[in-house]
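The values are calculated or read from the model by the stated rules, or taken from the named source; none is laboratory data. Everything numeric here is computed off the predicted structure, so don't read it as measured data. Cβ atoms come from the backbone with ideal geometry, glycine included; neighbour counts cover every protein chain shown.
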Amino acid sequence: MNALLMAVWRRQPTNTVMVHSDQGSQFSSYDWRDFLQAHNLEQSMSRRGNCHDNAVAESFFQLLKRERIRRKIYGTREEARQDVFDYIEMFYNPKRRHGFNEKLSPIDFEKRYFERLASV
């Protein structure tokens, strides 16, 4: 929830953004739905037992573990949080190239996507 709140605060989306979750009780609560509605977010929830929806997240966490936190020992939770934040914001999103994204970083891929939309 904190990561989503930070993303909404930083990106301030003007269009509706889809947020995908599993079927946990926290994601079907009135508080969660109110939060989504207040921030122009649309809920997406897979049906029970559909593991393919988690493939992207699991791939990301596998990369995070392999490329950043494996064999590291953090002195504090804050130190770990800052290191993971740096990995995502300073390397993964702006620099790390992805085979699925035409060998572009996520930020460059997103820029190209919106440039193509604007030219249509």
Can you give me the number of residues within the range 99-120 that are within 15 Å of the chain's Cα centre (by Cα), free of Cβ contacts under 8 Å to residues at least 12 places away in the same chain and over 15 Å from Arg11 (Cα atoms)? 1
When the range 8-32 is checked residue by residue, the ones that are among the small types (Gly, Ala, Ser) and at pLDDT 85 or above are Ser29
Hits in the range 59-71 - residues which are surrounded by 13 or more Cβ atoms within 10 Å (Cβ to Cβ) and farther than 22 Å from Arg10 by Cβ: Ile69
Ser59: at pLDDT below 90 and more than 19 Å from the chain's Cα centre (by Cα), yes or no? no
Asp108 fails exactly one of the following numbered conditions: (1) modelled with pLDDT of 90 or more; (2) loosely packed, with under 10 Cβ neighbours inside 10 Å. What is the number of that condition? (2)
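On the given criteria, is Tyr74 more than 14 Å from the chain's Cα centre (by Cα) and surrounded by 12 or more Cβ atoms within 10 Å (Cβ to Cβ)? Give the derivation first.
Numbers: more than 14 Å from the chain's Cα centre (by Cα): yes; surrounded by 12 or more Cβ atoms within 10 Å (Cβ to Cβ): yes.
For Tyr74, the condition - more than 14 Å from the chain's Cα centre (by Cα) and surrounded by 12 or more Cβ atoms within 10 Å (Cβ to Cβ) - is met.
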Report, ordered by the first and then the second residue, all pairs with beta carbons closer than 8 Å, sequence separation of six or more or different chains, a first member in the range 1-13 that is surrounded by fewer than 10 Cβ atoms within 10 Å (Cβ to Cβ) and among the hydroxyl-bearing types (Ser, Thr, Tyr), and a second member that is at pLDDT 85 or above and not in a helix (DSSP H, G or I). none
Test for Phe85: is it modelled with pLDDT of 85 or more and either small (Gly, Ala, Ser) or surrounded by 13 or more Cβ atoms within 10 Å (Cβ to Cβ) (or both): no
Within the range 93-101, does at least one residue satisfy the condition of being surrounded by 12 or more Cβ atoms within 10 Å (Cβ to Cβ) and among the hydrophobic types (A, V, I, L, M, F, W, C)? no
